[in-house]
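The values are calculated or read from the model by the stated rules, or taken from the named source; none is laboratory data. None of these values were measured; they are calculated from a predicted model. In this analysis, Cβ positions are derived from the backbone assuming ideal geometry, glycine residues included, and neighbour counts consider all displayed protein chains. Ligands, DNA and RNA are stripped out before the accessible areas are found, and what is left, the full protein with its side chains, is counted by its heavy atoms. Shrake-Rupley method; radii C 1.70, N 1.55, O 1.52, S 1.80 Å.
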Amino acid sequence: MKNRTMQEMDEQYKSCPVHTNTYEIEGVKHTVISHFVGDKDINDVMFDYAYNRVLNEITNGIPCPKTA
């Protein structure tokens, strides 16, 4: 994989969506800028998220929402 400069990546992905979130941790504000470039398969991402969440709930004893 070729190392690219920030300017090269900025030019390549300038038309892709960007999302900005600001978080405050122990009184310090942090800004996270996410660039959505479409390099991942959404099905794989959602499966990994769901799998990891279930695994965390089982291993860490996090209570699951109860269904009626």
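Within the range 14-26, can you find the residues that are among the hydrophobic types (A, V, I, L, M, F, W, C) and either surrounded by fewer than 10 Cβ atoms within 10 Å (Cβ to Cβ) or touching a residue at least 24 places away in the same chain (Cβ under 8 Å) (or both)?
Result: I25, single match.
Output the residues belonging to the range 27-42 that are open to solvent by 80 Å² or more (accessible area, probe 1.4 Å) and among the hydrophobic types (A, V, I, L, M, F, W, C).
Filtering the range 27-42 down to residues open to solvent by 80 Å² or more (accessible area, probe 1.4 Å) leaves 29-31, 33, 35-36, 39-40, 42.
Within the range 27-42, I33, F36, I42 meet the criteria.
Residue count for the range 30-49 satisfying the condition of being of a type in the set (A, V, I, L, M) and under 16 Å from Q12 (Cα atoms): 1.
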